[in-house]
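Notes follow the structure.
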Amino acid sequence: MSMKNKTAEDDVRAASDRFYGALEAMANGDAGPMAAIWSHEDDVTTMHPIGGREEGWEAVNGSWEGVAGASRDGSVSRTDQLVRVIGDGAYELCTESVSMTFADEPVSVECRATNVYRREDGEWKIVHHHTDLDSEFADTVANMGA
């Protein structure tokens, strides 16, 4: 592995640390830090554990804000991290463990996640986040309005 690739991989790992820090902030009611790590382009996407798909920064940011608005007492951890860099793009595979109070219900989710990053103006930004579907969490969200 060349030194250049190693440096890029380290930079992506640092971006991932910022993303997972932002996820934990979101699980504690603050979606603000998400804006700093995400690309704000129209091509960003998410597929959350509650199902569905968001496309474009406005929809993606709205999804984080929606979850943050109903979340507190959260903790987020990441294990089994694997990072691959391909030019100005990179992807990460890991296992996410999230525990929080969501809409006054305790929620605990462990799922596989794939994150895609892109170098924009010399900084690695996340452009896609995809986790396994968690039907219990999806049901909790669906029943919020009931």
- [ ] Treat the count of other C-beta atoms within 10 Å as a stand-in for reagent exposure and order HIS128, HIS48 from fewest to most.
- [x] HIS128, HIS48
TODO: Take the chain, connect every pair of alpha-carbon atoms lying under 10 Å apart with a spring to form a Gaussian network, then pick out the residue of GLY32, GLY122, GLY66 with the largest mean-square fluctuation.
DONE: GLY122
Task: Nearest-20 debye value, the chain charge dipole, Cβ charges on Lys, Arg, Asp, Glu - done: 500
- [ ] Please give the helix 3-26 orientation as an angle from the longest Cα principal axis of the chain, in degrees from 0 to 90, rounded to the nearest 10.
- [x] 10
Task: Calculated mean projected area of the Cα convex hull in nm² (choose from (i) 11.6; (ii) 8.9; (iii) 8.1), label - done: (iii)
TODO: Kindly provide the helix-only [θ] at 222 nm of the chain, computed as the sum of -39,500 (n - 2.57) over DSSP H runs of four or more divided by all residues, to the nearest 500 deg cm²/dmol?
DONE: -10000 deg cm²/dmol
Task: Sites matching trypsin sites (Lys or Arg not before Pro) across region 1-70 that sit in DSSP coil, with at most 16 neighbouring C-beta atoms within 10 Å - done: ARG53
TODO: Identify which of SER135, SER39, SER108 has the largest mean-square fluctuation in a Gaussian network model of the chain, with springs joining Cα atoms closer than 10 Å.
DONE: SER135
Open item on the list: Between helix 57-68 and the chain, what is the angle of the helix's C-alpha long axis to the longest principal axis, kept within 0 to 90° and rounded to the nearest 10?
Closed with: 50
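Read the figures in this text as sums done on the coordinates, not as results from a lab. All values derive from a computational prediction rather than experimental measurement. Methodologically, a virtual Cβ is constructed for each residue, glycine included, from the backbone with ideal geometry; neighbour enumeration extends over all protein chains shown.
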